[in-house]
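For reference, the structure is listed below as structure tokens.
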Amino acid sequence: MTLTGQVLPVGGIKEKVLAARRAGIHTVYLPDRNEADVDEIKPRLVAGVQFAYVNHVDDVLKAVLMRPPPPPPAQAPEPARVRRAAKPTSAATEA
């Protein structure tokens, strides 16, 4: 990646993709210039892995960090308030 955010091609795509698959990663973001490298990998080795090709770091950030927030949890009803009996005053206890 450059200082301006442009995503540059990288080497060792096959090894990176196979490692991601072994680690249970289902979506791999790659530089768009590496698309031809993925086409060279046998389809059975990349089964279950989705590829997203990006040209700029903003593309990655939008896809990864800008997911919609989860819905708020359902609010539980407020617990019933228990009213305590008033303490007897000293005048009431003396009578």
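Filter the range 1-31 down to the residues that are surrounded by 14 or more Cβ atoms within 10 Å (Cβ to Cβ) and not β-branched (V, I, T) and list them by number.
K14, K16, L18, A20, R21, Y29, L30, P31
Please give the number of the condition D39 fails out of (1) closer than 15 Å to F51 by Cα; (2) within 23 Å of the chain's Cα centre (by Cα); (3) free of Cβ contacts under 8 Å to residues at least 24 places away in the same chain.
It is condition (2) that D39 fails.
Within the range 1-79, considering only helices (runs of 4 or more DSSP H) that don't extend past its boundaries, which have at least 1 residues that are at pLDDT below 90?
Output list reads 57-65.
The values are calculated or read from the model by the stated rules, or taken from the named source; none is laboratory data. A quick note: this is a predicted structure, and the numbers were derived from the prediction, not measured. Positions of Cβ are backbone-derived with ideal geometry, glycine not excepted, and every protein chain shown enters the neighbour counts.
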